[in-house]
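Everything on this sheet refers to the single structure shown next.
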Amino acid sequence: MANNRQFLYEDVAQSVTCMINDGTLSPGDKAPSLRMLGKQLNVSVATIMQAYEELEKNGLLKARPQSGFYVQASAPLPDSAPRWRSTQAAARKVQIGAHMNEVLASARVPGVLNLAIANPATELLPVKALNRSLKRVCSARATEALSYAPIEGMPELRSSIARRSIHLEHPVNPDSVLITTGATEALSLCLRAVAKAGDIIAVESPAYFGVLQMIESLGMLALEIDTDPVDGLRPDALETVVEREQIAAVVSVGTFNNPTGSVVPRAAREQIVTLLAEHNIPLIEDDIYGELYLGQQKPLPYKAFDKTGQVMTCSGFSKTIAPGYRVGWIVADRYLPELKDLKLISSSSTPTLTQMTMADFLADGRYDRHLTRLRRACREQLQVTRRAVQTHFPVGTRISEPTGGYVLWIQLPRGMDANQLYRDAIAENISITPGALFSSTGKFRNFLRLCAGQPFSDEIARGIQRLGQLAERQRTLKNPIQ
Ligand SMILES: Cc1ncc(COP(=O)(O)O)c(C=O)c1O
């Protein structure tokens, strides 16, 4: 095989490592049989065997005579992964809104290289197929498309969303789906359904800034819970907090976390859902990146372990089909009546035309075929962007290695200031998201998030190289003797 290409067995080993990292396979699970995986990946049994032997050497799989291969342990934390100290934060007001608006607005200025906003590039979206769906709806159901949709959403769209969980042990019932105007409205409705001003919301540390901004504007308090760079929200840290504090709700991006890329393993999810059920605390799950997995299958959502109706799962099509269509949803049970009431006063209903168009697009295999292409693009973009950062950023920079989604979490060497890097970069028309936006406590000052939603180009390559130079300049100014 060519020098710069991986061997086929290495690709297979990487896919299986992704399945272990993202919790599809847990310690003790039997790995897929050689024959089955060979068929799935369209490679020979000998190649799978070579991959499994490699994974055994690395301590991830163990062969059991007459039985097959079993998962040994989680993949070790890569040396290059970002790390952060545990916190014992107290609940506090959030004050990131103004800074966040400035960063987002500057990324949207024409001519600015946008590495800040987690958007898929338009060339990766199914523009033609979606336009065909739109035309079909406009010609066949024009009058209906002009009317208000039901508060809970168009029945055909709710059914299509529910059908996507048909393979789960407890598939979603279409009656549990409430269509929203993007995942943003979904998250906001969930927060307002279960909490009020002054209440404490437990969030991950770091947390998606959109949720922090909602907490800020709703006058709630954020309490940051420790996370692991690879395994996300830590059940032990959450347990300590729920036993000590009166928590109104927990918000978690359990799958391909924004910004860290972490995935909460299956066993930890079950533990978290059980813990919160015991304490009667609602869990607001943000699953917006769930479909963008690079392994073999989508990690199970928290909702799959929900026996009490405690979990509300928010998601949408903004990261996969069309951010501008503003179609999202909530899967909920217990809190559905409150959510519907709030939806009515929030926006009455989500636009009928975009709902009908999405439903038409989802009606056959087009979405899955599109997702296969999109995942391939994400994998490639993440790999090349990571490599560019590793090449150009100062020695000592750490970078996440996500198994899905398209954001990268970068840790600059100690003492460096990503807010300063943001200011230096935006002065040269390059936008990044400084890490401080992902915390209510001012943590993560030497972190930044880069989005790899655009196909890699010369312009992006130059932008990352320049970012590296600006970071290096800052490092030298801070440590002139080095
Ligand atoms: C974790 C997360 N949740 C929710 C959203 C908002 O999604 P939407 O555009 O559908 O409102 C985003 C967008 O960046 C996100 O990253």
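Read-outs: derived from the displayed coordinates by stated rules, not from any lab. Bear in mind that the values here come from a model prediction, so they are computed numbers and not experimental data. Reconstructed Cβ throughout: ideal geometry from the backbone, glycine too, with neighbour counts over all protein chains shown.
Fewest to most neighbouring Cβ within 10 Å: what's the order for Lys319, Lys307? Present the calculation step by step, with values, prior to reporting the outcome.
Details: Lys319 24, Lys307 10.
So the residues, fewest neighbours to most, are Lys307, Lys319.
Calculate the FRET efficiency for Cys138 and Glu169 from the Cβ-Cβ distance with a Förster distance of 30 Å, rounded to the nearest 0.05.
0.15
Considering only Cα-Cα distances, which of the following residue pairs are longer than 28 Å: Lys39/Lys319; Lys62/Lys307; Lys128/Lys303; Lys307/Lys340; Lys196/Lys443; Lys135/Lys303? Let's see the in-between values first.
On the way: Lys39/Lys319 30 Å; Lys62/Lys307 34 Å; Lys128/Lys303 33 Å; Lys307/Lys340 22 Å; Lys196/Lys443 26 Å; Lys135/Lys303 35 Å.
The pairs that break the limit, which is 28 Å between Cα atoms, are Lys39/Lys319; Lys62/Lys307; Lys128/Lys303; Lys135/Lys303.
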Quiz item: Applying the Karplus parametrisation 6.51 cos²θ - 1.76 cosθ + 1.60 with θ = phi - 60° to the phi angles of the range 411-422, what ³J(HN,Hα) value in whole Hz is obtained for each residue in order, glycine and proline being reported as x?
Solution: 10, 7, x, 3, x, 7, 10, 6, 5, 5, 4, 4
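With a/c under 1.5 counting as rounded, go ahead and sort the range 126-366 into rounded, prolate or oblate using the C-alpha gyration tensor (a ≥ b ≥ c being the square roots of the eigenvalues; past the cut-off, prolate if a/b is larger than b/c, else oblate).
It comes out prolate by the Cα gyration axes.
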Practice problem: Classify the range 38-154 as rounded, prolate or oblate, taking a ≥ b ≥ c as the square roots of the eigenvalues of its Cα gyration tensor: rounded when a/c is under 1.5, otherwise prolate if a/b is larger than b/c and oblate if not. | Solution: oblate
Quiz item: Exposure proxy check: Met100, Met154 ranked by fewest other beta carbons within 10 Å?
Solution: Met100, Met154
Self-check item: Proxy reagent accessibility, fewest Cβ within 10 Å first, across His170, His279
Solution: His170, His279
Quiz item: What FRET efficiency, computed as 1/(1 + (r/R0)^6) with R0 = 41 Å and r the Cβ-Cβ distance, is obtained for Gln72 and Ile345, rounded to the nearest 0.05?
Solution: 0.20
Practice problem: Note the full-extension length gain between Gln465 and Lys128 as 0.36 nm times their separation in residues minus their Cα-Cα distance, in nm to one decimal. | Solution: 117.9 nm
Practice problem: Give the percent of DSSP beta bridges with both residues in the chain that are antiparallel, rounded to the nearest 5. | Solution: 60
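Rounded, prolate or oblate for the range 400-482? Axes are the square roots of the Cα gyration tensor eigenvalues, ordered a ≥ b ≥ c, and the cut-off for rounded is a/c under 1.5. Spell out each step's value before the answer.
Working: a/c = 1.78, a/b = 1.19, b/c = 1.50.
The shape class here is oblate.
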Practice problem: For Lys30 and Asn42, compute 0.36 nm times the residue count separating them, minus their Cα-Cα distance, and round to one decimal in nm. | Solution: 2.3 nm
Quiz item: Points 7 angstrom from Cα along the Cβ direction at Arg423 and Gln246: gap in nanometres?
Solution: 4.1
Quiz prompt | Inter-label distance for Lys93 and Lys478, nm, one decimal - labels placed 7 Å from Cα along Cα-to-Cβ | solution = 2.9
